[in-house]
1. Mind telling me which of 313, 423, 34 comes out most flexible in a GNM of the chain, alpha-carbon contacts under 10 Å?
2. Among 59, 166, rank each residue by its count of other Cβ atoms within 10 Å, from fewest to most, as a rough exposure measure.
3. Given a 10 angstrom Cα cut-off, can you work out which residue in 55, 151, 384 is the most mobile in a GNM of the chain?
4. Determine the calculated [θ] at 222 nm for the chain from helices alone, applying -39500 (n - 2.57) to every DSSP H run no shorter than 4 residues and normalising by the residue count; nearest 500 deg cm²/dmol.
5. Which one is right for this structure if Rg/Rh (Cα atoms, Kirkwood Rh) is calculated from it: (1) 1.15; (2) 0.96; (3) 1.00?
6. Taking the highest mean first, how do the peptides 67-76, 176-185, 122-131 order by number of other beta carbon atoms within 10 angstrom per residue?
7. Where both residues lie in the chain, what percent of DSSP beta bridges are antiparallel, nearest 5?
8. Taking a ≥ b ≥ c as the square roots of the eigenvalues of the Cα gyration tensor of segment 200-315, is the shape rounded (a/c under 1.5), prolate (a/b larger than b/c) or oblate?
């Protein structure tokens, strides 16, 4: 998360930006934003049956990498420097005395895992998702093995995405051993799965670097008095008030604590007892909800639906949606030998693809001058693109007809409203109908 130091106050967003349950009830996933660990969206036995006579003939997906370590030690280094100074001056709270050792242990665990690399939890998320995929479609994978069709594994080329593909493919082969000789070798396609950094993302990168409206909006959201209040609340759990008053950038320090709080669940298996790091002791539910909102606001404007009337944040995801259609169309034509296409990428690709496709929670941009709030918009990073998030199309065939079912985090999900299923309420769509409603000819 890029730290934004406010120059503009929008004032009116204070409490309306928080979810209604932010200050009470159990800790909620929303507060972790896109660092929320993966949870499948549906009981594996609760799916609709395909219409009579249709059998699965192909599957394809795109997955975000699983839970991981932080990408660097910046947050831990920043807050530990403050902690060491406060310890030397005798200005730690009773609770704060345990904070430094916890952060040092977490930092050491992330360094051992490798900054940005999959954690134990991340590997388990991907392996479990592969096993559930095979159990959803046992006849398809048996068919792929019997017919000697290929299983293509492709990633962004970034280490955690490459490793996610390897873990997923290995678990899939263990679930259906006949797939082993048909998988891979894994390949890299940055234009497809790292498009925000590829040639197709040039205009997007210019928007991130230079768009003044974006800068003003995010600065205004971050610059509300609630941010400074939450920052002081977080820091006072660790440091005595006299030390908090010495901290020049209280918001930056508190966001470092929040970022460690948010990444800690992804590293739960590396904790001393394997159950977690206890970082929630240092960030109240209300403060976590606020900093989670600030994180979501940044992702919303930089990767998601963004400003009404502009598609700069998600138009570039067309390359990935086109690939989904091409693979499904090839399966329809029966001209290839591909049985499954497995793609592994990042939040920077999943979030804009969700907006481009009009997936649940990603349909409403923000009107300029009316900033994104939780009260006014359903977009939540923890729902749109948690760690391990995935979008899957299963293709079913009968004669020369092909139907498509979409799963979003393994939950049957309707295509956008102007796409019509085969019958009302059905999860199945004619491929021809999807081509029509997505304007593919």
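Every read-out reported here was derived from the displayed coordinates using simple, explicitly stated rules and does not represent laboratory data. Bear in mind that the values here come from a model prediction, so they are computed numbers and not experimental data. Neighbour counts run over all protein chains shown; Cβ positions are idealised from the backbone, glycine included.
1. 423
2. Final ranking by Cβ density, sparse to dense: 166, 59.
3. Comparing 55, 151, 384 in the GNM, the peak value goes to 55.
4. Numbers: 16 runs with 185 residues, N = 441.
The helix-only estimate for the chain comes to -13000 deg cm²/dmol at 222 nm.
5. Of the labelled values, this structure produces (3).
6. Sorting 67-76, 176-185, 122-131 by mean packing, highest first, produces 122-131, 67-76, 176-185.
7. Values: 23 of 39 bridges.
So the antiparallel bridges amount to about 60 percent of the total.
8. On the way: a/c = 2.78, a/b = 1.54, b/c = 1.80.
Here segment 200-315 falls in the oblate category.
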